[in-house]
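To start, the structure under review is shown below, and the notes come after it.
Values quoted throughout were computed directly from the atomic coordinates according to the rules given, and no laboratory measurement underlies them. Just so we're clear, the structure is a prediction, and the values are computed from it rather than from any experiment. Every residue, glycine among them, receives a Cβ derived from its backbone with ideal geometry; neighbour counts consider all protein chains shown.
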Amino acid sequence: MWLKMFEPSGPTTCLVMKVSDMEKELRQEAGKLLEEGTVDYIIGFAPGSLKFTTTPLITEDIDEINNLVINPFINNNLAKYLPEIPGRVGIIAKGCDSRSIVSLIQDKQIARQDIVILGIPCSGLVDLKKVEKLAGKERDKIDDIVVLADKVCITAGGEKKEVPTTEVLFDHCLGCELQIPKEYDFLIQEPAAEIRDYESSSKQIQELKKMSPDQRWAFWKEQFGHCIRCYACRQVCPACFCERCFVEESQPRWVSPVSQWQDNLIFQAIRTIHVAGRCTDCGECERVCPVNIPLRSLSKEMYDLVGEMFDYKTGMDVNAPALMTAYELVEAEGLIR
Amino acid sequence: MITKKINKKDIRKLLGTWNQECSVIVPTREQGIVEMAGWDNKDISFLDWYRNTVVPPKACFLPQSEVMISFQKKENGLKIEVPQDEHKQIIFGIRPCDARAVAIIDQVFADTYDDYYYSSKRRNTLLIGLSCSNPYDSCFCTSTDVNPTESEDVDLMFMDIGDEYVIEEITSGGKALLNTSSMIKKATKADINKAKEVRAASVDKLKKKVDTKDVDRKLQSCFNDIDYWEQVSAKCISCGICTFLCPTCFCFDINDEMIKKHGARYRGWDSCSFRSYTKMPMENPREEKWRRVRQRVCHKFEFYPMNLGINACTGCGRCIRLCPVNWDITQVIAGLPGEISVHSGK
C-alpha cells in the first residue's frame, strides 16, 4: 500500500525516496534470485532521471538491485521486455503487468518456466497530466506529490493542495480489475488500497458514445490529424509482439506509410482489433502518446467488448486458452470445415 | 549586440504589422500539444505560458509529410508537377536551442546538393528568437554550447527583461523588419544592464549538465564496446519519439501514392530507431536494438563533429522528457567508458 511508504514524516519526492518495507523485501528477493542463479536478469523499476519518473531497470548486476523502487510512478508495463530478453528472467509485476505476462504465456510468446514473477500489490498509479492540471503547473515545477490512501497532497510553488486520490490516478487505474497479481512466484504480502471511480474511469468513452456518428468521426479525424506515427503506442504495448507489423508490410500494403489522418486512424483501428483479447487495459498506449491522443478510449472499448461477447478477461488464467488463437471444432459454425 | 527594445504591450501590434506582409508562425497550443503554427492575428498569451514546443520548429521546413511531386496519368504519358512554395513566413518565438538546431540541419540540406523542398521554405523564412528563462528539468543546453538567452542563429533575438523585450539585430533581414516600426525604441544602458542580469540568472537555471568534452573521441574508442551498448539500450522500446521530436534529426522516407490516375510522391519523417529503417532499398544494417541506439548517439556526438565540426545535439531535452521509458542521453554520454576498450566478436 502506498500509504505505508508515504508516511507523513518521511521524505516524499520521487527522487529521494524512503525505502519502504515493500522495496526492502523486493530487493532481498530479487537479489537472492540473481545470486543463486535462479534467473539471469531482473526487470524492475529504478528512479528516473526527472522528477516523479521511474525508468525500467533490466539488469544482471547484483549491485543494481538496490536501485529497485516501488512507488506511484512505476508506469511501464514491463511484460513488454520479456519476449526479447534471453534466459531466465525475474520480473516485478503489478496486477496489470501480471495479466500481460499471463497473456504472453497463453500466446506462447514466453514460457512460464523461464519467468519468475515477483508480484507487488498496486493501489494505482499517479497520472501526472492530472496532477499538472490540478496544480496549474507542469511536472518539473511541482515540488511534491504525497499519496495517501484516500487523498493526495500536491505542493507547488509554496501552495499545498489536498485532493481525493481518485482525482489523480490514471483512468485505467480507477477501473482496475486486478490490483494484486494472481499469477506469481513470489508475492509481497501487503493489501492494496481500493481506490475506484468507475464513472471517471470510462468518462471519455461515455462522452464519445453520446456523440452522433458524425461528431465522433470529426473527433477522431482531428485526433489522428495530430498523430506523428512514432509508433510509441505499439512499441510500449506488451500485446504488440508481432515480429512483423501489418503497418510496415508493403506486399500487400494495408496502410500508407504517409502520415495522414485516415491512415493514422486505420493503423490504430487495426492495432486495437489485433490486441483484442490481449489488451489488459494497462493504459500505456495513451500515457506515452506524445500528442495526447486518447487511445485508451479505443482499447478499453475493445476490452469491454471482448468481455461482453466472449465472457473473457485477459490474463487472468494462465491455463485458459488464448481468446484469439485457440480454436475448437464446434466453433467453426459451418464457415470452416 | 542589444540595440533596440519593445514594450510587451506592443508585441501584438508588431506581429500584426508583419502578418500583413507574410505569414507569422508562433507557438500554439492545442490539447496540450505545443507546436509552431499560423498566428490567429490576436492571441499573444503564449508569451506567458510558452516554454518550448513539443514538435520542434524543424517541422516548418521538413514537415512530417509533404508532397514532392504530384502526377497524373494521361494518354500521352505522365503529367508531373512540382509544388512551388515561395511564400514568406516569420517564425516568432524560436528558442536558442531550436535555432541552433535549424542552423545545423541547414548545413545538411545544403551539403552535397541544395534540397529544393527544404531550402525553398528556409530561404523564405525569418527566425525571431525568444530568450528562455524557464527551462525544463530535462534541458541541458548550456552543456552543448547553447546560451538560453543568446543566439546568432536567428535574424532577430528578443530577450525578456520584465515589461520589455530588448532586441539584438543579427541579420540585415531581421533589421529590416524593425525599420518601419514606431514601436521599436532604442535600448538604454539600464536595459542592457538588466539584460546582463537576466542572462546570468537564466543560465543559472540550467541545472542538468553533462560534460560533452571529448565525447566524439570517447565514442570512437567505445564504438565496439558491445556490452556497453547492449546495457544502455536494453530499456529502449525502439519507438520514434526521440528522433521525430529531435530538432536536428532529419531522416526521411519517400513513398509514392496513387489512386486511379492521380498520385503523388511524398516524403515524411523516418527514424533510425525503427527496425524497418532502410528496409525499402535493402536491409537495415542495424537489426539489433543496441546498434540503433548506438547510431543515434554516435550520429549526434561523433559523426557530426567528424563531418561538420559540430555536435548535433542542442540540449533541448525533448528526447528525455518525452521518452516513454526515461532513456536519458545525458546519462549515456556521462557513462561512456573512458578508456579505450575494444570488444572482439559479434
Cα centre as origin, Lys/Arg/Asp/Glu Cβ charges: the protein assembly as shown dipole, Debye: 1920
Which FRET efficiency value, to the nearest 0.05, is calculated for A:ALA149 and A:LYS24 with the Förster distance at 22 angstrom and r the Cβ-Cβ distance? 0.60
So which lysines can A:LYS221 reach, going by Cα to Cα under 27 Å and dropping same-chain residues fewer than 8 places off? A:LYS129, A:LYS130, A:LYS133, A:LYS203, A:LYS209, A:LYS210, A:LYS300, B:LYS42, B:LYS58, B:LYS260, B:LYS261
Residues with amide H under 5 Å from that of A:ALA46, placed H, sequence gap 5 or more: A:THR55, A:LEU57, A:VAL69
Taking Cα atoms of region B:1-60, Rg/Rh with Kirkwood Rh, to two decimals? 0.99
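Given region B:2-204, what percent of its DSSP beta bridges are antiparallel, to the nearest 5?
On the way: 23 of 34 bridges.
If I count the DSSP bridges inside region B:2-204, around 70 percent turn out antiparallel.
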For region B:209-264 and region B:99-141, what is the separation of their Cα centres, given in Å? 18
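Apply 1/(1 + (r/R0)^6) to the Cβ-Cβ distance of A:ASN319 and B:ASN224, taking R0 = 45 Å, and write down the FRET efficiency to the nearest 0.05. Walk me through the intermediate numbers first.
On the way: r = 46 Å, r/R0 = 1.02.
My answer for the efficiency is 0.45.
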Using the Cβ atoms and a cut-off under 11 Å, what net charge is assigned to the surroundings of A:HIS172, where Lys and Arg are +1 and Asp and Glu are -1? -3
Per-residue HN-Hα couplings for region B:221-231 [Karplus 6.51, -1.76, 1.60; θ = phi - 60°; Hz; x = Gly/Pro]: 6, 10, 3, 9, 7, 4, 4, 4, 5, 5, 5
Sorted by chain and then number, the residues having a modelled amide H within less than 5 Å of the amide H of A:VAL116, at least 5 places away or on another chain, are A:VAL89, A:GLY90, A:ILE91
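Antiparallel DSSP bridges in chain A: what percent, to the nearest 5?
Numbers: 18 of 28 bridges.
So the antiparallel bridges in chain A amount to around 65 percent.
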Compute the length gained on full extension between B:GLN331 and B:LYS196: take 0.36 nm times their separation in residues and subtract their Cα-Cα distance, giving the result in nm to one decimal. 45.4 nm
FRET efficiency (B:MET1, B:GLU21; Cβ distance; R0 22 Å; to 0.05) is 0.25
Restricting things to alpha carbons, find the Rg to Rh ratio for chain A using the Kirkwood radius for Rh. 0.97
Tell me, how many Å apart are the Cα centres for region B:146-167 and for region A:222-248? 39
Of the candidates A:VAL146, A:VAL69, A:VAL291, which one comes out as most mobile in a Gaussian network treatment of chain A with C-alpha springs shorter than 10 Å? A:VAL291
Below 20 Å, Cα to Cα, which lysines can B:LYS207 reach? Residues fewer than 8 away in the same chain don't count. A:LYS51, A:LYS137, A:LYS141, B:LYS196
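Quick one: net charge around A:ILE142, please, counting Lys, Arg +1 and Asp, Glu -1 for every other residue with C-beta under 11 Å from its C-beta.
Values: positive: A:LYS51, A:LYS137, A:ARG139, A:LYS141, A:LYS161; negative: A:GLU132, A:GLU138, A:ASP140, A:ASP143, A:ASP144, A:GLU159, B:ASP137.
My count for the surroundings of A:ILE142 gives -2.
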Selection from B:PHE250, A:GLY277, A:LEU298, by position along the positive dipole direction of the protein assembly as shown (Cβ): B:PHE250
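Quick one, what does Rg over Rh come out to for region A:202-337 if you take C-alpha atoms and the Kirkwood Rh?
Numbers: Rg = 16.2 Å, Rh = 16.4 Å.
Across region A:202-337, the Cα-based Rg/Rh ratio is 0.99.
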Highest GNM mean-square fluctuation among A:MET324, A:MET316, A:MET302, for chain A with Cα springs under 10 Å, belongs to A:MET324
Please give the calculated 222 nm ellipticity per residue for chain B, where each DSSP H segment of at least 4 residues contributes -39500 (n - 2.57) and the sum is spread over every residue; nearest 500 deg cm²/dmol? -8000 deg cm²/dmol
Enumerate the residues in region A:52-95 having an amide nitrogen under 12 Å from the point lying 7 Å beyond the Cα of A:THR38 toward its Cβ. A:89-91
At 222 nm, what helix-only mean residue ellipticity would chain A give, in deg cm²/dmol to the nearest 500, using -39500 (n - 2.57) for each DSSP H run of four or more? -9000 deg cm²/dmol
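Thinking of region B:215-334 as a set of Cα atoms, what percent of all their pairs are more than 18 Å apart?
Details: 3977 of 7140 pairs.
Of all Cα-Cα distances in region B:215-334, 56 percent exceed 18 Å.
Can you pull the Kirkwood radius for the protein assembly as shown, inverse mean 1/r over Cα pairs, to one decimal in Å? Don't jump to the answer; show the numbers that get you there.
Numbers: mean 1/r = 0.0369 Å⁻¹.
Kirkwood radius, the protein assembly as shown: 27.1 Å.
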For q = 0.16, 0.23 Å⁻¹, Debye-computed log10 I/I(0) when each Cα of region A:95-135 counts as one equal scatterer: -0.57, -0.77
Computed about the Cα centre, the charge dipole of region B:215-334 from +1 Lys/Arg and -1 Asp/Glu charges at the Cβ has a magnitude in debye, to the nearest 20, of 340
Max mean-square fluctuation residue, GNM over chain B, Cα-Cα springs under 10 Å, options B:LYS79, B:LYS235, B:LYS260: B:LYS260
Charge-dipole axis of region A:131-223 as Lys and Arg at +1 and Asp and Glu at -1 on Cβ define it, positive-most pick from A:GLN204, A:GLN179, A:VAL152: A:GLN204
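Roughly how compact is region B:1-101, stated as its Cα Rg over 2.2 N^0.38 Å to two decimals? All intermediate terms of the calculation are to be shown ahead of the outcome.
Details: Rg = 18.0 Å, N = 101, 2.2 N^0.38 = 12.7 Å.
Compactness ratio reported: 1.41.
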Part-to-part distance (alpha-carbon centres) for region B:24-76 and region A:267-330, which is given in Å: 34
What span do the alpha-carbon atoms of region B:70-209 cover on each of the three principal axes, reported in whole Å from largest to smallest? 71, 41, 24
Add +1 for every Lys or Arg and -1 for every Asp or Glu among the other residues with Cβ under 14 Å from the Cβ of A:PRO321, and state the total. -2
For region A:125-185: span of alpha carbons on each principal axis (Å, largest first): 43, 21, 18
